[in-house]
Amino acid sequence: MEKTLQVLNDLARSGVLSRYAIGGAMGATFYVEPVLTFDLDIFVILPQTVSGLLTLKPLYEGLRARGYTEEGECMNIEGVPVQFLPAHNDLLVEAMTEAREVLYEQTPTRVLRAEHLTAIALQTGRDKDRERVRLLREQAELDRDYLANVLTRHSLEGKWKAWTT
Amino acid sequence: MEGMDNLKPEIERLITAKEQRRHKLAALSFAEKVRLVVKLQQMAVPVLRARGRAVRVWAIDDLKLVVPK
């Protein structure tokens, strides 16, 4: 996966994307026991086009130019199916802005904070998100005050209560 | 019922050990966890494919595995 992250860093350096961070099951795996997943969810902030539109097209074109191919909803980058998810709401933009900078072996990358992964799972609300919240509560060292602020800002306290009591 | 009572400490010991292992796994480095995710994929793919899901194991080369005891 290190090579995959190097490609993403290269895309960020070349301006094809403004910023990226690992989320989803692999983001959660950074904080908890390994969780089975088949794709790497990458949240991205895209540079604005001249028309003001935010589109994944330049990103996909940049990857195709580097020889990578599409695989369903994903791009296969160095053997890993990567799903790009634009930060499309306030919670995701905040999560991207406050993502943690970490090293994967020798390669710098960014992972969403555990508190934001929790909030995103609450907002998304599927069965597997409920399981993710349970795991994060149990194994990640959540900053309770920070989490409470995130939940309040994004009106997720009710869902948190419903899922955790 | 007495037999069940005798089993209880053993079950509790097993549950505690399992819990400790999960916390050990959670404390591994990110790269080690990714290697374990790929091992999970290798185990799950045949079952999921048999159910018709189009999944595959990541073709990454950083797979030297260090699994905690």
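None of the figures in this text is laboratory data; all of them are computed from the coordinates on show. Being a predicted model, the structure only gives us computed values, none of them experimental. Ideal geometry is used to build each Cβ from the backbone, glycine not excepted, and the neighbour counts take in all protein chains shown.
Could you sort out which of A:Lys57/B:Lys39; A:Lys3/A:Lys159; B:Lys18/B:Lys39 sit more than 27 Å apart by Cα distance in this structure? Over 27 Å Cα-Cα: A:Lys57/B:Lys39; A:Lys3/A:Lys159. The angle separating the long axis of helix A:127-139 from the principal Cα axis of greatest extent in chain A is about 70 degrees. Of the GluC sites (Glu not before Pro) in the range A:5-97, the ones in a loop by DSSP (not H, G, I, E or B) with at most 16 other beta carbons within 10 Å are A:Glu73. On a 0 to 90 degree scale, rounded to 10, what angle separates helix A:144-153 from the longest Cα axis of chain A? Once rounded, one gets 70 degrees.
Label sites at A:Arg100 and A:Arg19, each approximated as a point 7 angstrom past Cα along Cα to Cβ, lie 1.7 nm apart. For chain A, the 222 nm mean residue ellipticity estimated from helices alone, with every DSSP H stretch of n ≥ 4 adding -39500 (n - 2.57) and the total spread over all residues, rounds to -14000 deg cm²/dmol. Here the range A:69-165 is assigned +1 on the Cβ of each Lys and Arg and -1 on the Cβ of each Asp and Glu. Its dipole about the Cα centre then comes out at about 500 debye. With both bridge residues required to lie in the protein assembly as shown, what share of the DSSP beta bridges run antiparallel, to the nearest 5%? Beta bridges within the protein assembly as shown, antiparallel portion: roughly 70 percent. Residues in the range A:114-126 carry Karplus couplings, in order, of 4, 5, 6, 4, 5, 5, 5, 4, 4, 5, 6, x, 7 Hz; the curve used is 6.51 cos²θ - 1.76 cosθ + 1.60 with θ = phi - 60°, and Gly or Pro positions show x. Sites listed here are trypsin sites (Lys or Arg not before Pro) in the range A:69-165 whose DSSP assignment is loop and whose Cβ has at most 11 other Cβ atoms within 10 Å: A:Arg126.
The range A:1-37 and the range A:57-111 have Cα centres lying 6 Å from one another.
With both labels modelled 7 Å from their Cα along Cα-to-Cβ, the A:Ser51 to A:Ala148 distance reads 4.7 nm. Taking a sphere under 11 Å around the Cβ of B:Ser29 and counting the other residues whose Cβ falls inside, with K and R at +1 and D and E at -1, yields a net charge of 0.
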